[in-house]
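Accompanying notes for the structure given below.
The values are calculated or read from the model by the stated rules, or taken from the named source; none is laboratory data. Here the structure is a predicted model, which is why all the values come from computation and not from measurement. Every residue, glycine as well, gets a Cβ built from its backbone with ideal geometry; the counts of neighbours run over all protein chains shown. When the accessible area is computed, the model is the full protein with side chains, heavy atoms only, and any ligands, DNA or RNA have been set aside. Shrake-Rupley method; radii C 1.70, N 1.55, O 1.52, S 1.80 Å.
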Amino acid sequence: MMHKKWIGGVLLLLFGMFTSVLGAFIGINIGTDVTDLPSETDTVALLKAHQISHVRLYNADTHMLKALSNSGIEVMVGVTNEEVLGIGQSPSTAAAWINKNVAAYLPSTNITAIAVGSEVLTSIPHAAPVLVSAMNSLHKALVASNLNYQVKVSTPQSMDVIPKPFPPSTAGFNLSWGPTIYQILQFIKNTNSYYMLNAYPYYGYTEGNGIFPLDYALFRPLPSVKQIVDPNTLFHYTSMFDAMVDATYYSIEAFNFSGISIVVTESGWPWFGGSNEPDANTGNAQTYTNNLIRRVLNDSGPPSQPKLPINTYIYELFNEDKRPGPVSEKNWGVLFTNGSSVYPLSLSTTNQITGNSSGVFCVAKADADPDKLQDGLNWACGQGHANCTPIQQGQRCYLPNTIANHASYAFNDYYQKMQSVGGTCDFDDTAMTTTVDPSYGSCKFTGSSNSSAIGGLTPAAIAPSSAVGGWSSNLQVSNLQYLIPAAFLVLFLL
């Protein structure tokens, strides 16, 4: 029995070594405040189908951990905020937690990290005095089980602990949390763990009073006259995400620590919001998440730490519709609970869109100009004779009520009917072809069954470039698209 455990431990350690050597990874968070949450088995099947290699759980649910057994997926389990106080006050409680929620599942379930609480310092500050005690007790319990090399302990913190993150070179932790953060960093250094950061450019932009442009938050290129430059280091920051990570590195350095890496445990963009949340839309969410994936998978770090990749967990797998708060709080997911996706995600730095349909569809580009989209929609439903009844109010494809969603349906209907006689998918460069089925719920897009195109995007030919009346939409302009499978990299060690 001991021999079998030793072999399992060696294999897990080797797995961790290989994944770290092979470069940065994209993982995903799985929240459970969801109506009609899929079964744990179905959830793991979705993860495997989309080649997701790293997941973060907010608890240590026994059914989920059993379902992840022998999946090859690396798992970060969570100590809930409600558990922090008890574990921090009692080493025996910490030992029992490790035995029940970690040791019991290794090595078949590949648990590699424990996140102690979620943004404890800013969300439950009364637990801050025992946070490091909880981390220490959990680590000691791992040592006692000979699991401390396999499983790392840390605690995710928000950017709120850094009151002035720009310019990054002068950033520093809030001194009111100074002693606790210093102890956290000392623990991380002593145990060879890493700093867990929740980085949300969405909030940095929407709460920034217009200081930074939207393109900066979405990883889009900025014109030379609008470049974001740290005046002290002259480092150019091409994204708010990089600046947030670098601000954290500089804050760590200000406490005289070095050699501590950062893992972004949460980052994402809501795809739908209330009337007072216009930036929470599918166009922005698709752009942010795709660009985040490309950014992380290029294996580089922020300007001050260019050789340290930024491993990142996307927030989140499903929309947690039961969460309290504004509308946007319920709409961060990349998948609906029926397995359909909220928007297309590209796996690499190319323009290939991943999906699971054998047909070819014509859809609106996520970054298309809204006015051009409206012109194209008018033309398709007018001169183009597309069937636009399904996107009228009360019909099956009316919601979400956005220009991009409606344009996608109309463009595709025109394209499917007219491609055999020369109809194209361009619409003044606002459309693209994809093999990803954009259908969702009861809204079914007509697919091309006789197309020879396979995989990814096909070059768009010349298509109608302007509208000449015939149909108009009462839509609110928004860069929205629809649902599609997420795809990431997966590593398996057999």
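Estimated from the Cβ-Cβ distance and a Förster radius of 22 angstrom, the FRET efficiency linking Ser69 and Ala144 is about 0.40.
Of the solvent-accessible surface of the stretch 225-315, computed with a 1.4 Å probe over protein heavy atoms with every protein chain present, carbon and sulfur atoms account for 53 percent.
Peptides 287-294, 79-86, 321-328 ranked from most to least packed give 287-294, 79-86, 321-328, packing being the mean of other C-beta atoms within 10 angstrom over each peptide's residues. Filter the cross-link list Lys226/Lys372; Lys48/Lys226; Lys66/Lys322 down to pairs whose alpha-carbon distance in this structure exceeds 31 Å. From Lys226/Lys372; Lys48/Lys226; Lys66/Lys322, over 31 Å: Lys48/Lys226. Under 5 Å from the amide H of Ile111 lie the amide H atoms of Val75, each residue being 5 or more positions distant or on a separate chain, with H modelled from the backbone and absent for Pro and chain starts.
Whole-Hz Karplus values for the stretch 118-127 come out as 9, 6, 4, 4, 9, 9, 9, x, 5, 8 Hz, taken residue by residue from phi with 6.51 cos²θ - 1.76 cosθ + 1.60 and θ = phi - 60°; glycine and proline positions read x. Charge tally around Pro168: other residues with Cβ under 9 Å, Lys/Arg +1 each, Asp/Glu -1 each, net -3.
Charged neighbours of Asn290, selected by a Cβ distance under 15 Å, balance to +2 (K, R count +1; D, E count -1). Karplus-based coupling profile of the stretch 274-283, in residue order and whole Hz: x, 4, 9, 10, x, 7, 8, 9, 5, x, with θ = phi - 60° in 6.51 cos²θ - 1.76 cosθ + 1.60 and x standing for Gly or Pro. Remark: spin-label model distance Asn387-Thr41 equals 3.8 nm, labels positioned 7 Å along the Cα→Cβ axis. Per residue, the accessible area of the stretch 167-281 comes to 43 Å² when a 1.4 Å probe rolls over the protein heavy atoms. Applied to the stretch 299-312, the Karplus parametrisation 6.51 cos²θ - 1.76 cosθ + 1.60 on θ = phi - 60° returns per-residue 3J(HN,Hα) values of 6, 10, x, x, x, 7, 9, x, 9, 9, x, 10, 4, 9 Hz, with x for Gly and Pro. Surface analysis of the stretch 13-116 yields an accessible area of 40 Å² per residue, using protein heavy atoms and a 1.4 Å probe. Here Lys444 is the anchor, and the lysines within straight C-alpha reach of less than 18 Å, apart from those fewer than 8 places off in the same chain, are Lys417. For Lys140, a cut-off of 17 angstrom between C-alpha atoms picks up these lysines, skipping any fewer than 8 places away in its own chain: Lys100, Lys152, Lys189.
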